1. For the range 237-269, enumerate the residues that are crowded, with 21+ Cβ neighbours inside 10 Å and touching a residue at least 60 places away in the same chain (Cβ under 8 Å).
2. What residue, of Gly98, Gly53, is at pLDDT below 95, in contact with a Phe, Trp or Tyr (Cβ under 9 Å, 6 or more places away or on another chain), farther than 26 Å from Lys118 by Cβ and assigned by TED's automatic domain parsing to the domain that holds Val163?
3. Among the listed residues Arg4, Arg13, identify the single one that is closer than 30 Å to Gly256 by Cα and more than 16 Å from ligand 1 (Cβ to nearest atom).
4. Over 21 Å from the mean Cα position of the chain (by Cα) and in a loop (DSSP other than H, G, I, E, B): is that true of Gly69 in this structure?
5. Identify, from the list Gly82, Gly55, Gly131, the residue that is touching a helix residue (DSSP H, G or I) at 6+ places or on another chain (Cβ under 9 Å) and touching a residue at least 60 places away in the same chain (Cβ under 8 Å).
6. Have a look at Leu66, Leu60 and point out the one that is buried (at least 20 other Cβ atoms within 10 Å of the Cβ), within 16 Å of ligand 2 (Cβ to nearest atom) and at pLDDT 95 or above.
7. Is it the case that Glu276 is free of Cβ contacts under 8 Å to residues at least 40 places away in the same chain and not assigned by TED's automatic domain parsing to the domain that holds Leu386?
Amino acid sequence: MKKRFIDPFFPNRPVIDPNLFEGRNEQIDEIVDALFQTKNNNAKHFIITGDRGIGKSSLLLQTKILSEGENSLAKKYGVDLGVEKYDFLSSWTDVTEGQTLENLAKSLIADLQSTVNKIFSSLKISIDFGGFVQIEKNTNDEKSITDIVYEFVKSLKIIYENVNKQSKDGIIIFIDELDRVSVSTGVSSFFKLVSEKLNREKIHNIIFVASGITGAIQKLGFEHASIDRTFRDIPLPLFTEQETKEILVTGFEKIGFTYDESIPFLTYSFSSGFPEPIHIFGSEMLSVSTDNHICEEDFNKAKFKIVTDLRKNKLQDILTKAGYGKYQSILEAMAKYSDVNVPLEFISKEIKFKQNEFSANIGTLIDKNIIRRVDRSVYAFIDPLLKEYIKHFGTIKIDK
Ligand SMILES: Nc1ncnc2c1ncn2[C@@H]1O[C@H](COP(=O)(O)OP(=O)(O)O)[C@@H](O)[C@H]1O
Ligand SMILES: [Mg+2]
């Protein structure tokens, strides 16, 4: 009988244990520098950007853990902290979809206040939210950003003065998924004005550390050209083959499993550099394995389960998003090709159209992030699992 074990993979939540965090060496170095600068009164705000599922919340969380004095990650990466350990006070706010700016500002203060009250039970800071309530009540679209900034900084200073007495390194306000606030709320002006105001008031060790979907920072810049001078952008790249291997092997080793040499590369080629599918593959391979060794058959079984079950709806959505008719034919042709990289010539022959008769469709599929251009006249699926899905279920056929 197969022994029960704790699954070392966790596709549904950010990395909490620093020892299970892989890759991101350069970003961690940059982040440690921002902490060091901030502690030394040279505030460095930053935003971690990347696609959905690339690992933004995980890195944000690791930053928080490090900023509160847990050094495992820095040790593992051999990063010079510049100090023995950090001792920031930090709060965490998850932005909700479509949240208003005044409500976000209030949440940031409320979350910070509750953190302070939890950590220093003797302090019991009480903030008067009357000003925010007043702004929120104002329905005639006359919510001035200046008023929100004023209320925000006023409340922040009350907390700051109390925290300062406790000789902390400073305050870090973590904001996950900042892109959920609409650009039109004036969110980028808000952060710019707050950071300038803090600077004028000689408060140099409070920072904002946010995360947002790729393009979020550029979108923010659209409204206020100098936002990129407030927040430093830390973009997250795709995981390399080596990093993918590290995530897998760390998991397997944790529970004493061995694996065929080919498994890390196979997993890499089907996860397209995203950590989430790596965790899904890892977890599924362990669950289908009948001994303590992962072989290619386990990989194939896991892939089948992912395509036909775990990821089925998501893949179906991508296929629907592609559009009908010619779009489906192109994808069907691409799925038939024996290699990952498909020449245009092959697609042309399969769908019986000249290349110039469907080049606009190819362009649309690229814009929709379904396929990508590998080289001149060579294309590939962005999510390799979509190819498997089409091979299994076919494409969407609608009779005209
Ligand atoms: N550096 C990493 N090492 C190992 N697993 C990671 C890493 N970064 C992210 N993951 C895993 O990938 C998945 C997606 O990560 P998450 O941080 O939630 O992404 P995002 O916030 O960008 O959507 C989660 O299962 C998480 O545990
Ligand atoms: Mg996230």
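The values are calculated or read from the model by the stated rules, or taken from the named source; none is laboratory data. As the structure is a prediction and not an experimental result, all values here were calculated from the model. Ideal geometry is used to build each Cβ from the backbone, glycine not excepted, and the neighbour counts take in all protein chains shown.
1. Selection gives Phe239, Ile247, Gly251, Phe252.
2. Gly53 is the lone residue from the list that is at pLDDT below 95, in contact with a Phe, Trp or Tyr (Cβ under 9 Å, 6 or more places away or on another chain), farther than 26 Å from Lys118 by Cβ and assigned by TED's automatic domain parsing to the domain that holds Val163.
3. Arg4
4. Yes; evaluated as a whole, the condition is true for this residue.
5. Step by step, each of Gly82, Gly55, Gly131 is checked, and only Gly55 is touching a helix residue (DSSP H, G or I) at 6+ places or on another chain (Cβ under 9 Å) and touching a residue at least 60 places away in the same chain (Cβ under 8 Å).
6. Only one candidate qualifies: Leu60.
7. Criteria not met by Glu276.
So that you can scan it fast, the table gives a plain yes or no per residue for (1) assigned to a helix (DSSP H, G or I); (2) more than 27 Å from the chain's Cα centre (by Cα):
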| site | (1), (2) |
| --- | --- |
| Leu156 | yes, yes |
| Val163 | yes, yes |
| Ser167 | no, yes |
| Phe174 | no, no |
| Ser189 | yes, no |
| Leu193 | yes, no |
| Leu198 | yes, yes |
| Lys202 | no, yes |
